[in-house]
Amino acid sequence: MDPDLSHLLFITLAAAVIADLSMALGVLPFFFVRNMSKQLTGMFSAAAGGMMAAASLVQLVGEGLERAPGWQVWEVAAGLAVGAAFYWMAVKWVESNGNFDIANLRKSGGKRALLIVAAMTIHSLPEGVAIGVAFGADFRGDGTLPTLGVSIASALAVHNIPEAIAITLALMGAGLSVKACLFWALFTSLPQPLAAPFAAWFMWIFEPLLPFGMGLAAGAMVFLVVDDLIPEALERANSTVVSIAFVGGVAAMIVLGRLVGL
């Protein structure tokens, strides 16, 4: 195997594993505090949504447009549409298949717990693809870390913390222990380290598809933010808090991207 490709796959996998393990930070407080205010979890979800929106539209789409000038912009636009459609269809499939189960979770936690874990696991797949695409698109082979990849992985790692809080709150409500919640939280993000190296390899082999791939990853993440994170945040906190946290997340992601770029 090409040494540069091996290096790319290794750092992509490492970043995705770190993003997955960040789920534990969201579950950890529940070993000491059984309840967390809805206002706080809503604020975390909104801030994570802002970071993901900025990472998707400013960085992934921005980089894709640079690689597809002029009329080639349709490649990025098509990727956005396909990514959003993929996420929507995957979640709908889980909701419509009543016999679907994961490790007997339907019996121990009920249908709602199963749907939560299944939906979270499915939406981690495009997140893993986003990490892989970002690393593959920005890899230089000179020993430096791809700034775009680090930025996207960082945004998703932060996003995973409030996501883990939300999963834990929901599963504890279904009767599961904190240890079980930790297991399922980590499980739901497994697609990130599984998909990320494959996506990076795909971008390495099929470099002309980079604009489409970046649009696809961005489309899935933006749909996730609008369809899942923001409505969830608004259920837990008032619109002013959600708006401030969302804008704060956007600003933090832009600053982080600039700092990483340095």
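Bear in mind that the values in this text are calculations on the coordinates, not laboratory data. No experiment lies behind these values; they were computed from the predicted model shown. Backbone-built Cβ (ideal geometry, glycine too); neighbour counts: all protein chains shown.
Would any residue of the stretch 198-216 have its amide N under 14 Å from a label point 7 Å out along Cα→Cβ of L5? List them or say none.
198-207
Using only DSSP helix segments of four residues or longer, with each worth -39500 (n - 2.57), what per-residue ellipticity at 222 nm results for the chain after dividing by its residue count and rounding to 500?
Roughly -26000 deg cm²/dmol at 222 nm, from the helical runs in the chain.
So what's the gap between the Cα centers of the stretch 1-44 and the stretch 55-88, to the nearest angstrom?
About 25 Å separates the Cα centre of the stretch 1-44 from the one of the stretch 55-88.
Using only Cα atoms, find the angle between the long axis of helix 178-188 and the longest principal axis of the chain, and express it within 0 to 90 degrees, rounded to the nearest 10.
30
Counting other C-beta atoms within 10 Å, and keeping those with at most 15, which DSSP coil trypsin sites (Lys or Arg not before Pro) do you find in the stretch 1-87?
Here the trypsin sites (Lys or Arg not before Pro) that fit, given the DSSP loop and packing criteria, are R34.
Translational D (Stokes-Einstein, µm²/s) of the chain at 10 °C and 1.306 mPa s when Rh comes from the Kirkwood sum over C-alpha pairs?
86
Based on the mean of other Cβ atoms within 10 Å per residue, sort peptides 217-226, 2-11, 196-205 so the most packed one is first.
Packing order, densest peptide first, comes out as 217-226, 196-205, 2-11.
Comparing A118, A155, A48, which has the greatest mean-square fluctuation in the GNM of the chain with Cα pairs linked when under 10 Å apart?
The residue that fluctuates most here is A118.
For the stretch 125-258, give the magnitude of the charge dipole about the Cα centre (Cβ charges: +1 Lys/Arg, -1 Asp/Glu; no others), in debye to the nearest 20.
For this selection, approximately 240 debye.
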